[in-house]
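Data block below; observations after.
The values are calculated or read from the model by the stated rules, or taken from the named source; none is laboratory data. The structure displayed is predicted, hence computed values, not measured ones. Don't worry about glycine lacking a Cβ; one is built from the backbone with ideal geometry, like all the others, and counts go over all protein chains shown.
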Amino acid sequence: MKRLKLSALDLDSLQSVVDIEEHPIADYPWLDVDHIVLREDEQQQIEAIVHCLRKSSTNLFNEATIWGKAIFPLFLLAEQGNIEAWTEVPLSAQYAQFELDGIADGVLGRGIAGRITAPYLVMVEAKRGIDGENPIFRLYGQILCGAWQNWRRNRGDPSELGKANRQEIFGCYTIGQTWQFVRAEVAGFEDTAAMPGEAHRPMLWVEYSQEYPETTEAERIVRIPKSVVQRHLADAV
């Protein structure tokens, strides 16, 4: 069985085990978040973060500083109930023909007893400069891990019958203080579709948002993960 690390993923290693279908940037229905209402205190926090960014030379900040000043404070605003924002979260998955494991920079999901049990949105903070990376492939790996963990949790739930083998999960990556979101679906968690002697390959579908700079789109950046949370809270009712 092939073993892959999230930190070392590239297009070739992903395409060797997963069929990927990518859709271009567009105004998808999940990006219509104008109905998400921000509380007054949340708007004040957003304004304070944006004010700090506009007074700073953010291009000179290292990734850890931007994460602490700008990225994670906005991410935290999506929390509600037991759906929490965490950082440095271990993720793993075991598909029929390969295994994946590594660390997610950020995860928004259901937290129980000091652990994330259901990842709903996974996040990559990309490096810049000469050590820069393409964050897409690590994000795809995190999405595959999160979807697998949700499938494993849901497959024994009678209310999830019929949809457990196709998991919806969201992701985003940040470069500096610019965010880009994706909506993904993953299918093919078991080797039931493979013929004898034929390798079973999961399928990954991905839709992209446009890029959102924090200094001009901070409220939308907060509303998108909030909409993900509301989606799952509604499903739990």
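Per-structure values
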item	result
Residue list for the range 131-151, restricted to those being part of a helix (DSSP H, G or I) and modelled with pLDDT under 90	D131
Positions within the range 49-85 being outside any loop (DSSP other than H, G, I, E, B), under 25 Å from R110 (Cβ atoms) and modelled with pLDDT of 90 or more, in sequence order	I71, F72, P73, L74, F75, L76, Q80, I83, E84, A85
All positions within the range 8-25 that are in a loop (DSSP other than H, G, I, E, B) and under 19 Å from V124 (Cα atoms)	L9, D10
Residues (of a type outside the set (A, V, I, L, M) and in contact (Cβ under 8 Å) with a residue 60 or more places away in the chain) located in the range 95-127	Y95, Q97, F98, E99, D101, G102, R110, Y120, E125, K127
Pairs where the first residue, in the range 79-92, is farther than 17 Å from G146 by Cβ and the second is outside any strand (DSSP E or B) and among the charged types (D, E, K, R), C-beta under 9 Å, 6+ apart	Q80/K226
Pairs with Cβ under 9 Å, 6+ apart, first in the range 32-47 and over 12 Å from A218 (Cα atoms), second at pLDDT below 95 and of a type in the set (S, T, N, Q)	I36/Q230
Given (1) under 16 Å from the mean Cα position of the chain (by Cα); (2) at pLDDT below 95; (3) farther than 23 Å from Y28 by Cα, index of the condition T192 fails	(1)
Test: residue in the range 120-128 that is within 17 Å of D235 (Cα to Cα) and either part of a strand (DSSP E or B) or not β-branched (V, I, T) (or both)	yes
Qualifying residue in the range 26-48 (condition: within 18 Å of the chain's Cα centre (by Cα), more than 30 Å from E190 (Cβ to Cβ), at pLDDT 95 or above and outside any loop (DSSP other than H, G, I, E, B))	yes
Residue satisfying condition, being of a type in the set (K, R), modelled with pLDDT under 95 and in contact with a Gly (Cβ under 8 Å, 6 or more places away or on another chain), within set R128, R110	R128
Filtered residues of the range 76-120 (kept if under 30 Å from Q43 (Cα atoms) and touching a His at 6+ places or on another chain (Cβ under 7 Å))	I83, Y120
Number of positions in the range 1-53 that are surrounded by 10 or more Cβ atoms within 10 Å (Cβ to Cβ) and basic (K, R)	2
Hits in the range 49-67 - residues which are closer than 11 Å to T215 by Cα and among the hydrophobic types (A, V, I, L, M, F, W, C)	I49, V50, C52, L53
Hits in the range 9-31 - residues which are out of contact with any Phe, Trp or Tyr (no Cβ under 9 Å at 6 or more places or on another chain) and touching a residue at least 60 places away in the same chain (Cβ under 8 Å)	D19
